[in-house]
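**Q** I'd like to ask you about the structure that follows.
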Protein chains: 2
Amino acid sequence: MRTRFHDWPCSVARTLELVEPWSALVLREIFYGVRRFDALQANLGLARNVLAQRLARLVEEGVLARVEYQQRPVRCEYRLTDKGRALFDVVLALMRFGDEWLAPEGEPVLLMSRRTGERVRPVVVDEQTRERIDLRDVIAKPGPGMPPEVIERAGDRFRKD
Amino acid sequence: MRTRFHDWPCSVARTLELVEPWSALVLREIFYGVRRFDALQANLGLARNVLAQRLARLVEEGVLARVEYQQRPVRCEYRLTDKGRALFDVVLALMRFGDEWLAPEGEPVLLMSRRTGERVRPVVVDEQTRERIDLRDVIAKPGPGMPPEVIERAGDRFRKD
């Protein structure tokens, strides 16, 4: 049985649970502007029931909204919510790492800005300073969502400073 | 059987294969500065054989290096390689999303800068402009690593502009 991570006090594990590989591929198509079941199915080559299940989960998680775009007969499409749009950043960070470290044959996909025509290269920075974040400069402190018993168990892991 | 994504022409899927939840938790400990098997095992509460397997995989993937720090008896620790340090950005992006969208009780962990004492909040920006990347502004083009037959099959997905 797969371990469930969504109730762990760890934002990394929770997000990974949401963007497991199949969901990430569905999201990739949605980010490309594909919104309808049949087109998603054709592009991904997924079995219909598997795709239906992934989409239902992403709707349930509030990442996608299922919207009727036609009344007779009823037809639906899937649109990103604000939460879904926020996931784009995660996908960009995953993509940048993969391009740099896991694609010896070159980047499979290049991102370009419509506005400027320039290539877009995602990097992770500090929101305030817009500088790259140096692992050696960062200290982890328990936040408001960390259960006290975990802090207790963690011992000096949270007291490196 | 789990589908293997590492040979797909998709940098997102490949990276997700590398940072599946258990590996991500091991990396979290390493980022916290924990380097020895016994300490990792105690902090994660993982079975020794499972942890050994994850560590071996991360070493094999070039994310961690196994380094002898003592000769008699031989003792080893695990250190991040450059590739491993680059994964920190991915983990930061995952964490930010989880903090914002999956932690109604508040952030489990806060990141602080040693240097400035200020809180560090990761965001994804364009490397050049240091501005947030707007999904609607981005076009995907096939890159050098995209197999021609995939471009063929993709039809107009790569020709949205």
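The values are calculated or read from the model by the stated rules, or taken from the named source; none is laboratory data. Source: prediction; values computed, not measured. Cβ coordinates were reconstructed from backbone atoms using ideal geometry, including for glycine residues, and neighbour counts include every protein chain displayed. Ligands, DNA and RNA are excluded from the accessible area calculation, which covers all protein heavy atoms including side chains. Shrake-Rupley method; radii C 1.70, N 1.55, O 1.52, S 1.80 Å.
**Q** Which cross-chain or sequence-distant (5 or more) residues have an amide H under 5 Å from the amide H of A:Arg121, H modelled 1.01 Å from N in plane?
**A** B:Glu127, B:Gln128
**Q** How far apart, in nanometres, would the label points at B:Glu100 and B:Glu68 be if each is projected 7 angstrom from Cα along the Cα-to-Cβ direction?
**A** If labels sit at B:Glu100 and B:Glu68, their model points lie 4.8 nm apart.
**Q** Shifting gears a bit: Which distances in nm, rounded to one decimal and ordered from shortest, link the label point of A:Val50 to the equivalent label points in the other identical copies, with labels set 7 Å from Cα toward Cβ?
**A** Here the equivalent label points are 2.5 nm apart from this one.
**Q** Taking θ as phi - 60°, what are the ³J(HN,Hα) couplings along region B:82-95 by the Karplus curve (6.51, -1.76, 1.60), each to the nearest whole Hz, with x for Gly and Pro?
**A** Result, rounded to whole Hz: 4, 4, x, 5, 5, 5, 4, 4, 5, 5, 4, 5, 4, 5.
**Q** Kindly give Rg over Rh for region B:21-88, based on alpha-carbon atoms, with the Kirkwood expression for the hydrodynamic radius.
**A** Taking Rh as the inverse mean 1/r over Cα pairs, Rg/Rh reads 0.94.
**Q** May I ask you to evaluate 6.51 cos²θ - 1.76 cosθ + 1.60, the Karplus curve with θ = phi - 60°, for each residue of region A:44-53 and list the ³J(HN,Hα) values in order in whole Hz, giving x for glycine and proline?
**A** Taking θ as phi minus 60°, the curve returns 8, x, 8, 4, 4, 5, 5, 4, 4, 5 Hz for region A:44-53.
**Q** Which whole-number value in Å² is the accessible area per residue of region B:67-161, probe 1.4 Å?
**A** It amounts to 57 Å² per residue over region B:67-161.
**Q** Provide the FRET efficiency to the nearest 0.05 for the B:Thr116-A:Arg114 pair, computing r from the beta carbons and using R0 = 51 Å.
**A** Computed FRET efficiency for B:Thr116 and A:Arg114 comes out at 0.90.
**Q** Sorted from shortest, what are the nm distances separating the label point of A:Thr116 from equivalent points in the other copies, each placed 7 Å from Cα along Cα to C-beta?
**A** Once sorted, the set of distances for A:Thr116 reads 2.2 nm.
**Q** Percent relative contact order of chain A, based on C-alpha pairs within less than 8 angstrom and at least six residues apart?
**A** RCO, chain A: 13 percent.
**Q** Region A:1-141: Rg/Rh from Cα coordinates, Kirkwood Rh?
**A** Ratio of gyration radius to Kirkwood radius: 1.01.
**Q** Show the residues, 5+ positions off or on another chain, whose built amide H is closer than 5 Å to the amide H of A:Arg35.
**A** none
**Q** Which of rounded, prolate, oblate describes the protein assembly as shown, given a ≥ b ≥ c as roots of the alpha-carbon gyration tensor eigenvalues and a/c under 1.5 marking rounded, otherwise prolate only if a/b is larger than b/c?
**A** prolate
**Q** While we're looking at this one, here's another question. If you filter region B:1-105 for GluC sites (Glu not before Pro), then keep DSSP loop positions with at most 13 other Cβ within 10 Å, what is left?
**A** The qualifying sites are B:Glu105.
**Q** Taking amide hydrogens as modeled 1.01 Å from N in the peptide plane, which residues meet the under 5 Å criterion relative to A:Glu61, leaving out close sequence neighbours?
**A** When sequence neighbours closer than 5 places are left aside, there are no close amide H contacts.
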